[in-house]
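Below is one structure, written out as structure tokens, with a few remarks after it.
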Amino acid sequence: MDGTDLHFYLTWLKDQLKIQSNEYTQSVARCLQMMLRIDEYRLAFVAVDGISTLLYVLKGKVNFQIQYQLTFCLWVLTFNPMLAEKMNKFGVIPALSDILNESVKEKVTRIILAVFRNLVEKPDNNEICCNNAIAMVQSKVLKHLDILQGRKFDDQDIVEDIQFLTDKLQSSIQDLSSFDEYSTEVKSGRLEWSPVHKSDKFWHENAAHLNERNYELLKILIHLLESSHDPLVLMVAAHDIGEYVRHYPRGKHVLEQLGGKQIVMQHLSHEDTGVRYEALLAVQKLMVHNWEYLGKQLEKETSTSSSILGKTSTISAKA
């Protein structure tokens, strides 16, 4: 199958997965399991936004059989090195970490671990392998592995994957700087009150780094503040934006240019008291920064005026 027929069939399968309470979902998933064994079909499936669809269904309330089948589809996709490199851009790691945390079925655990192993083995780019490993740490996979090591499994592949991933993840975090850890946390979208957020030293040294790659991290914080429904994520994002403004001289201007100021202010009326509090603090930092700037400008103008007056008086005296 190729060309238009392949595109039509894969699109149809993808759309069938999205149908709520579809009694044929398992059959559709089985078709995909068979199709995606062929590398050419893997690329075609990704081209019709298939990965996003798999994750959309997995994040919903589906039974363990569907979890297994759709994760199997992700697993076969990761055998293509190019696709394995792109996989976590879709949020595969945090989504599967959540399922792993709640899973009681050995087959689901096995296939998720197999996906994770491929994500740190298959990409040709070693940096991406390391980034995937760090993303797993940030998504609490290492903690899940610790729990799994205390369970007994008949399947030796699971035991080997647990040990392999544990060693790989522990190795990945040994040489991380505090900013590397922070960057990984922000990119994962799973913000929490880790020590760096409340460290003045961290922000003094690293606030300007949020400007790198065309304000990549700052844009992610703004996006999280705009789109997340998790109060914890909103609190931390608002706090970090406030710290950025406080420690980076042009922070207020940059934030306004990116539309972040208005989004922060919208959270002043948020239903969660913690979110309101952090939003208020962030707005105060914006205002204080503004007053400090005006104060410096006023001092500069006053100094200039005094200098001019002094020179005028000298000239007049000589005259």
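The values are calculated or read from the model by the stated rules, or taken from the named source; none is laboratory data. All values reported here derive from a predicted model rather than from experimental measurement. Quick reminder, even Gly has a Cβ in these numbers, built from the backbone with ideal geometry, and neighbours come from all protein chains shown. Only protein heavy atoms, including side chains, enter the accessible area calculation; ligands, DNA and RNA are left aside. Shrake-Rupley method; radii C 1.70, N 1.55, O 1.52, S 1.80 Å.
Quick notes on this one:
- Cross-link pairs 152/187; 14/59; 61/122; 198/219 - those with Cα-Cα distance over 22 Å: 152/187; 61/122
- With R₀ set to 51 Å, the beta-carbon distance separating residue 155 from residue 253 gives a calculated FRET efficiency near 0.35.
- Computed in the context of the full set of protein chains, the accessible area of the range 1-152 at 1.4 Å probe radius has 51% of its extent on carbon or sulfur.
- When the C-alpha to C-alpha distance is required to be over 21 Å, the pairs from 140/261; 140/201; 143/168; 89/285 that qualify are 140/261; 140/201; 89/285.
- Here the spin labels are modelled as points 7 Å beyond Cα on the Cα-Cβ line, and at residue 61 and residue 5 they lie 4.1 nm apart.
- Per residue, the chain exposes 54 Å² of solvent-accessible protein surface, assessed with a 1.4 angstrom probe and all protein chains in place.
- Applying the Karplus relation 6.51 cos²θ - 1.76 cosθ + 1.60 with θ = phi - 60° to the range 84-93 yields 3J(HN,Hα) values of 4, 5, 8, 3, 6, 5, 8, x, 5, 5 Hz, where x marks Gly and Pro.
- Over the chain: helical MRE at 222 nm, DSSP H runs n ≥ 4 each giving -39500 (n - 2.57), nearest 500: -24000 deg cm²/dmol
- Evaluated at q = 0.25 Å⁻¹: base-10 log I(q)/I(0), Debye formula over Cα of the range 1-53: -0.99
- Answer label, with P(r) over Cα pairs in 10 Å bins from 0, in percent calculated from the coordinates and candidates [x] 6, 28, 37, 24, 6, 0; [y] 5, 21, 25, 21, 14, 6, 3, 2, 2, 1, 0; [z] 5, 19, 27, 25, 15, 7, 2, 0: [y]
- Estimated vicinal HN-Hα couplings, Hz - the range 135-145 in sequence order (Karplus 6.51, -1.76, 1.60; Gly, Pro = x): 4, 5, 4, 5, 8, 6, 5, 4, 5, 5, 5
- Estimated at 0.36 nm per residue, the fully extended path between residue 287 and residue 229 surpasses their Cα-Cα distance by 18.2 nm.
- Folded to 0 to 90 degrees: helix 231-247 orientation relative to the chain principal axis, Cα: 40 degrees
- Ranked by how many other beta carbons lie within 10 Å on average, peptides 238-248, 59-69 from highest: 238-248, 59-69
- 10 Å binning of all Cα-Cα separations within the range 13-82, expressed as whole percents from 0 upward: 21, 61, 18, 1
- Cα Rg over Rh - the range 114-230, Kirkwood: 1.03
- Remark: spin-label model distance residue 173-residue 30 equals 4.1 nm, labels positioned 7 Å along the Cα→Cβ axis.
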